Each structure stands twice: as C-alpha cells, then as structure tokens.
Amino acid sequence: MSLASVLVVDDSAAEVMLLTELLSDMQVESACDGVEALEKLEAGNSYDVILLDLYMPNLDGFGVLERLKDLQMETPVIILTNADEVDFVVRGLDMGAVDYIRKPVNRKSLHKRIEIQLSLRQSAQTIREQNEHLQQQVDERTWEALRASEITIHSLIQLLEVRNIETSNHAKRTSNMMGILCRALKDQKLIGYLLSEEDIRELVRTAPLHDIGKVGIPDSILLKPGKLTDEEFSIMKRHVDYGVQALQHQGSESARALGFITMAKSIVAYHHERFDGSGYPHGLSGTDIPLPGRLMAILDVYDALTSDRVYKRAISHEAALQIIREDREKHFDPVIVDVVLSVEEEIQKVSRQWR
C-alpha cells in the first residue's frame with residue numbers, strides 16, 4: 001500500500017518541521033502560504049489530506065478554502081488552529097474544511113484524524129465504484145429491454161409493408177424526413193417548438209411506428225382500392241387506438257425505454273389530429289395537439305401524397321407541397337408548414353432516395 005500524501009500549509013518553518021517529523025511515516029510536502037499551496041494544487045499535484053493554517057501572509061487559509069471550492073477539489077482539509085480561535089474554526093468548517101486540530105499538535109491525535117479522513121475517502125471511492133458498476137448493469141439491462149421493445153415493434157412495421165399496407169421503405173422515408181424537419185425546427189428556437197437532441201433522436205426512431213395499429217384492421221378495408229364507406233372509415237380510425245394499446249404492452253421501468261415508448265405513443269395517438277380541430281380520435285386543435293403529432297401529421301400526408309397506394313397514384317413533389325400550403329392552419333400547424341417549405345429540397349431528396 002502506498003504511503004499517504006499530506007500537504008502542510010503553514011508560514012511557520014518550525015511548525016512545518018514539527019509536522020513533518022510527526023508524519024515521518026507519510027509523504028509530506030509543504031507550502032509557506034496559500035499562494036504556494038494553490039500553485040502546487042493547480043499544477044496537478046495530488047494529496048490525500050491538506051493540513052491548513054488559517055493565518056498566513058499573501059493568502060490566508062480562508063482564501064485557500066474559497067479557491068478549493070471554486071476548483072471543486074475534494075481533498076479533505078484539516079485546519080491547524082490555536083485554542084482561542086473557535087469562531088475562526090467554525091468559519092473554516094463552514095467553508096469546506098472537514099476537521100480541525102489544535103496546536104501544539106499531538107502525534108496520536110494527528111494520526112487518528114488523518115486515518116479517519118483516509119478511511120472516509122476510501123469508503124467514498126468504494127461507493128463510487130459500486131455505483132458505477134450498478135449503473136453499468138442498469139444501462140445494460142435498459143438497453144436489452146429497449147432493444148427487445150424495438151425488435152417487437154419494428155417487426156410490426158415490417159408486417160405492414162409485407163401486407164402492402166404501406167409502400168416500400170415508408171418507414172425509412174418518414175424517419176429520415178423527421179430528422180430533417182426536427183433539426184430545421186430546432187434552429188428556429190421558437191417557444192413551444194424547442195427540441196433537445198434527445199427529443200430529436202426519439203422522434204427519428206419512433207416516426208416509423210405511427211401506423212402500427214393498422215395490423216389490427218382487416219385487409220378488406222386496408223387494401224380496398226376505392227373510397228371507404230362511413231362504416232369502413234370508422235373501423236379504419238380504430239388503428240390509432242390499436243397502436244397505442246400495442247405500445248402500452250411494451251412498457252419498461254427504465255427511463256430510456258420509457259422515453260422511447262412515450263414518444264412513440266404521442267406520435268401514434270395524435271398524428272391524425274388536425275390543426276383546426278376536425279381530426280381524430282380526440283378532436284384536438286392548435287397547439288393542444290402534442291408537437292410529435294403535429295410533426296408526424298405533415299410528414300405522413302406528404303409521403304402518402306407522393307407514394308402509390310392501392311386506392312390512388314402518387315402525385316409530384318410540387319403538387320404535394322401545394323396541397324400542404326392550402327391546408328396551412330386547417331390540417332397543419334402553420335409554423336411547421338413554413339419549416340417544411342424551407343427544407344423541401346432535402347425532403348424531396350430523401351423521398352426519391354428511398355423509393
């Protein structure tokens with residue numbers, strides 16, 4: 001085991017010599033004032049304990065304690081004090097010192113106080129290592145749970161495409177377009193539309209899940225080449241509830257997995273709401289519609305318009321944008337419409353790339 005290292009900070013050469021002798025079984029360095037002590041510490045020298053006198057020229061012990069707090073150094077400081085300096089000792093303890101010892105210093109008392117601090121420091125290190133190990137285990141299990149949920153959910157997406165409910169690569173297109181739209185919206189820095197990097201990652205990952213509930217809709221309705229009857233459309237609208245219910249069963253106690261599922265449910269539940277309140281299933285309007293739903297609504301419509309479906313042929317990028325312009329403040333959030341138009345060339349590129 002390596003010897004404990006101690007920094008003695010005292011302007012009295014006699015006190016330094018005495019303390020060095022008392023701590024002959026340890027590695028001792030000294031500083032004649034606070035300035036020299038800080039030079040050693042800021043140069044990267046590491047110590048297990050600092051013995052600090054309060055009254056010194058140039059920079060006193062209180063100045064050292066204040067600077068140590070600014071530097072966020074965790075080295076324990078034991079104050080060297082005289083018997084009549086109670087108020088100053090209290091002040092030093094308030095400023096971050098962990099203990100004090102009165103002069104003249106007793107060998108046994110000094111060693112015991114240093115041993116206590118070394119023991120506390122070792123215990124703190126052990127706890128940190130255990131916490132890091134536990135956190136690693138939590139992260140691994142969280143990742144495993146998240147991957148299991150993603151595999152299950154993305155299997156549903158593949159099932160949609162196998163059944164020809166959506167055109168090929170619909171998931172890739174909506175995911176990539178979501179990334180473009182979110183990054184452009186983030187750059188706007190608008191109140192009510194602020195997105196963190198984590199928000200964007202979750203939106204990109206969960207965008208393809210918006211129609212997973214369609215696996216519960218009969219093929220006779222999903223693949224019908226003509227217009228749906230009112231009764232058929234009522235059944236079709238149930239895919240929103242089916243999707244939310246499917247995600248409800250993918251729950252996890254981990255924050256990371258919960259973030260993924262929460263974002264996915266928001267996209268599924270609200271992407272058919274309309275800005276004017278005429279959408280479904282809740283009839284929400286304006287910014288009462290959660291932002292993920294408003295973002296997904298415009299991307300879903302754009303991709304549907306520019307893709308062949310069983311009931312229609314694809315229209316051009318320009319024609320799709322004209323419909324989006326006309327539905328500004330009706331179907332779509334006007335702020336999001338403006339952002340889409342500002343990056344329409346990037347969106348068109350993704351649309352073409354994944355056909």
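Worth a mention:
- Global geometry of the stretch 5-105, whether rounded, prolate or oblate, following the gyration tensor of its Cα atoms and the 1.5 cut on a/c: rounded
- Residue-count net charge about Tyr55 - beta-carbon cut-off 9 Å; Lys, Arg +1, Asp, Glu -1: -4
- Charge-dipole axis of the chain as Lys and Arg at +1 and Asp and Glu at -1 on Cβ define it, positive-most pick from Ile261, Cys32, Leu284: Leu284
- This ranking places Met26, Met296 by how few other beta-carbon atoms lie within 10 Å of each, fewest first, which gives Met26, Met296.
- Over the chain, DSSP H runs of length four or greater, each weighted -39,500 (n - 2.57), average out per residue to a 222 nm ellipticity of -18500 deg cm²/dmol.
- Under 16 Å of direct C-alpha separation, and excluding same-chain neighbours fewer than eight residues apart, Lys312 reaches these lysines: Lys224, Lys227.
- Charging the Cβ of each Asp and Glu at -1 and of each Lys and Arg at +1, and nothing else, the dipole of the stretch 5-105 about its Cα centre rounds to 120 debye.
- Fluctuation leader among Leu222, Leu38, Leu295 - the chain, Gaussian network, Cα springs under 10 angstrom: Leu38
- Segments 342-354, 308-320 sorted - mean Cβ within 10 Å per residue, highest first: 342-354, 308-320
- Rounded to 0.05, the FRET efficiency of the Val105 and Glu129 pair, given R0 = 30 Å and the Cβ-Cβ distance, is 0.35.
- Taking packing as the residue-averaged number of other Cβ atoms within 10 angstrom, the listed peptides 323-335, 169-181 run from highest to lowest as 169-181, 323-335.
- Among Pro281, Pro208, Pro104: highest mean-square fluctuation, GNM of the chain, C-alpha pairs under 10 Å: Pro104
- Degrees separating the helix 344-353 axis from the principal Cα axis of the chain, which is the longest one: 70
- Between the C-alpha center of the stretch 320-355 and that of the stretch 178-250 there is a gap of 17 Å.
- The distance linking the stretch 12-80 with the stretch 269-311 is 66 Å (Cα centroid to Cα centroid, whole angstrom).
- For the stretch 182-193, 3J(HN,Hα) per residue [Karplus equation, 6.51 cos²θ - 1.76 cosθ + 1.60, θ = phi - 60°, Hz, x = Gly/Pro]: 5, 5, 5, 5, 4, 5, 6, 6, 8, 4, x, 10
- Cross-link reach list, aspartates and glutamates versus Lys112, counting only Cα pairs under 17 Å and skipping chain neighbours closer than eight places: Glu21, Asp25, Asp48, Asp99
- Pair-distance distribution of the chain: all C-alpha pairs, bin width 10 Å, starting at 0; shares per bin in whole percent are 5, 19, 20, 10, 8, 11, 13, 10, 4, 1, 0.
Every number here is computed from the coordinates shown, using simple stated rules; none is lab data. Treat the numbers as computed from the prediction; the structure is a model and nothing was measured. Reconstructed Cβ throughout: ideal geometry from the backbone, glycine too, with neighbour counts over all protein chains shown.
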